[in-house]
Amino acid sequence: MKKNLPSWFWAVAMLVLLLGFNLFFTPGFFGLHVRDGRIYGSLVDVLNRAAPVALLSLGMTLVIAARGVDLSVGAIMAVAGTVAACLITRPKDTPFAGIDLHGSVLGIVLFSLAVAAVCGLFNGMLVSFFELQPIVATLLLMVAGRGIAQLFSGGQIVTFENPAFANLGKGALLGLPIPIWIAASGFGFFTLLCRGTALGLFVEATGSNPTAARYAGVNAGRILLTVYVLSAVCAGVAGLIGTADIQAADANQAGLYLELDAILAVAVGGTSLMGGRFSLIGSVIGALLMQTLTTTILTRGISTEVTLVVKAAIVVAVCLLQSPIFRQWSRGMFVRARA
Amino acid sequence: MVAWNVCEGTRMNLRERLPILITATAAIALFVAAGLHFDHFFSLRVFVSLFGDKAFMGVAAVGLTFVILTGGIDLSVGSLVGCSSIMAASLIQNGHFHPLVALSLPLLFGLFVGWVQGILVAKFQLPSFLVTLAGLFFCRGMGFRISQEAISIHHPYFDSLTEFAIHLPGHANVNLPPIVFLIVVVIGAFVAKQTPFGRAIYAVGGNAASARLMGLPVQRTLVMAYMVSGFCAALGGGLFALYTSAGNASAGTGLELDAIAAVVIGGTLLSGGFGSVFGTLLGVCILGIVNSAITFQGTLSSWWTKIVIGVLLLAFMLVQKGIERAAKRRVHG
């Protein structure tokens with residue numbers, strides 16, 4: 001096996017394989033048609049549905065690169081979505097009755113993202129100052145976050161009418177759905193942030209050896225805070241997209257299990273789960289792979305629950321292929337078989 | 001009480017016992033506070049129902065304790081509960097198996113899932129949360145593959161199992177699930193503290209490298225820990241089927257979080273090597289008391305349970321951290 005394959009090689013290979021399968025066996029998978037100035041087709045659908053997970057996986061990439069994991073992103077999605085919905089409807093007996101943003105979409109978005117950022121700050125504080133393990137530190141908000149979201153909404157599913165806000169999830173720009181543009185600009189922003197500034201380097205340093213990073217003058221605590229806040233804000237944006245799409249906020253169901261999808265996307269995308277090395281483009285490809293898989297299974301009329309089993313199999317397969325021990329072991333098997 | 005004696009056998013010093021003492025104090029304080037606040041809370045009936053409602057989660061938490069003691073995590077327990085409950089129900093209703101056979105076959109499935117996860121973690125050194133995350137998806141998918149709908153179980157022998165109860169004074173009936181839970185706790189505590197396998201678990205969790213140098217079978221110990229967890233989760237699924245007289249593929253959604261919370265509140269360190277099965281029993285008790293108290297209160301909505309559990313979890317972790325730091329300071333003078 002050659003050494004210099006990019007880390008996201010296996011994800012791309014799997015994606016190409018899936019697309020190739022669809023090219024031959026799913027008629028019309030690559031078909032695109034324009035209606036009312038919007039492009040429709042399975043490919044656009046895949047991109048559109050992959051957008052929230054892609055956003056989550058961007059933030060998750062940095063967290064995992066810094067030797068952490070953020071389990072709370074699904075719950076933060078629910079929190080951000082609920083806050084936005086409550087800011088629009090302002091139900092009585094909730095803290096939101098007194099906040100009047102005059103229906104300004106920008107105000108609603110910024111306010112909800114600020115709440116998400118506070119959640120991220122909480123995670124980051126626990127990890128950096130209290131030195132709690134990331135799994136447990138973020139488990140807290142994963143458990144309590146949905147409770148807090150229900151506290152905001154009074155346990156109801158908050159439905160709202162606000163066409164301007166709904167555009168975030170349902171609207172289109174230049175023929176493509178807005179979530180795709182949001183995810184794409186998120187990717188651009190993260191790439192600039194990591195490769196245009198020193199942040200990416202600091203994250204890698206913190207992740208590969210926190211002690212060495214500290215001796216080298218990297219403020220590891222501040223880096224950790226930053227990555228958890230970034231991850232939470234990504235989750236907030238994904239939550240807003242989800243809420244805007246269905247014009248309702250369901251604190252129980254919004255973003256349920258998406259933290260798992262995001263972690264899987266990052267793992268499949270070639271980011272080292274031991275921290276250090278990371279690949280943003282790999283994570284995005286991972287998210288696309290997950291969604292292509294789901295869409296393929298749906299369009300082939302296979303029952304949806306199989307998706308979960310196949311996802312599990314793919315993740316294990318890709319991780320095994322990346323594992324040096326498995327490579328050594330399988331090479332040993334191969335050599336023995338030939339001898 | 002047996003478990004307590006087992007703990008004493010290892011002559012832990014006060015610092016090592018402090019987390020479990022704090023948990024025990026908190027459990028008693030919570031129970032007393034709830035008892036003073038609500039009428040009829042101080043009854044044997046409520047106390048027994050604490051265990052009844054939480055039995056299937058508790059059994060899974062005991063298995064999870066072993067994995068966490070090795071420094072790993074098992075996120076698949078919740079979906080394994082759902083998968084094995086629907087498997088048992090389907091075997092009885094559609095396969096016409098005897099309930100005892102139908103309740104045992106999922107246990108083998110649990111062992112198998114644990115074995116595969118253990119191999120992936122121990123031999124190929126994949127991160128445990130990732131492997132068990134895949135396990136979570138796998139079991140959930142398999143459960144829904146068996147049946148999307150819940151299957152209710154009607155079988156004379158199974159009914160006799162669900163109706164079995166030891167009658168205690170004060171209208172307290174102890175059914176099979178809490179009895180099985182307590183048996184599992186006692187066996188778990190014994191295995192963890194008194195067998196070579198249990199001691200190897202602590203050694204591997206404390207420091208895998210030195211455990212290997214000591215000549216302990218690190219890989220085999222890890223694989224067995226995941227098998228114990230899989231077995232216990234599948235047993236939890238059986239208890240769920242007994243508790244509800246039905247199998248449901250979506251049973252145990254989010255149960256892994258409650259189970260992790262119970263283990264952590266019980267004083268087991270997530271970094272491995274330190275903790276006890278008895279602590280997990282206390283953690284399950286605390287979760288049960290919080291649940292019951294919020295139900296008793298009536299006006300508080302169910303989401304308060306999540307928030308309270310979150311706050312408790314935070315408090316316990318900070319206390320543990322504080323103890324750890326104090327210990328470090330003492331060592332470094």
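Read the figures in this text as sums done on the coordinates, not as results from a lab. Treat the numbers as computed from the prediction; the structure is a model and nothing was measured. Here the Cβ positions follow ideal geometry from the backbone for every residue, glycine too, while neighbour counts run over all protein chains shown.
Take B:G52 and decide whether it is under 15 Å from the mean Cα position of the chain (by Cα) and part of a helix (DSSP H, G or I). Taking the combined requirement at face value, the residue satisfies it.
For the condition away from chain B (no Cβ under 14 Å), within 24 Å of A:L32 (Cβ to Cβ) and surrounded by 24 or more Cβ atoms within 10 Å (Cβ to Cβ), what is the one hit in A:A172, A:A183? Steps first, please.
Details: A:A172 fails: surrounded by 24 or more Cβ atoms within 10 Å (Cβ to Cβ).
Answer to the selection: A:A183.
In region A:289-339, the residue that is surrounded by the fewest Cβ atoms within 10 Å (Cβ to Cβ) out of those that are more than 14 Å from chain B (Cβ to nearest Cβ) and within 16 Å of A:D261 (Cβ to Cβ) is A:L298.
Matching residues to (1) more than 7 Å from chain A (Cβ to nearest Cβ); (2) farther than 24 Å from B:N248 by Cα:
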| residue | (1), (2) |
| --- | --- |
| B:L108 | yes, no |
| B:F112 | yes, no |
| B:Q117 | yes, no |
| B:F124 | no, yes |
| B:F129 | no, yes |
| B:T132 | yes, no |
| B:F138 | no, no |
| B:F144 | no, no |
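Applying the criterion of being assigned to a loop (DSSP other than H, G, I, E, B) and touching a Pro at 6+ places or on another chain (Cβ under 9 Å) to the residues of region B:146-164, the residue that is nearest to the other protein chains (Cβ to nearest Cβ) is B:I153.
Restricting to region B:243-258, give me the number of residues that are buried (at least 20 other Cβ atoms within 10 Å of the Cβ), assigned to a loop (DSSP other than H, G, I, E, B) and under 18 Å from the mean Cα position of the chain (by Cα). Residues meeting the conditions: 2.
Among the candidates B:A189, B:A203, B:A150, the residue that is over 20 Å from the mean Cα position of the chain (by Cα) and within 28 Å of B:I20 (Cβ to Cβ) is uniquely B:A203. Step by step: first the residues of region B:299-319, then only those that are more than 8 Å from chain A (Cβ to nearest Cβ) and buried (at least 16 other Cβ atoms within 10 Å of the Cβ), then the one that is nearest to B:V264 (Cα to Cα). Which residue is that? Ranking the candidates gives B:F316 first.
The set of residues in region A:254-273 that are more than 9 Å from chain B (Cβ to nearest Cβ), outside any helix (DSSP H, G or I) and closer than 17 Å to A:A65 by Cα comprises A:G269, A:G270, A:T271, A:S272.
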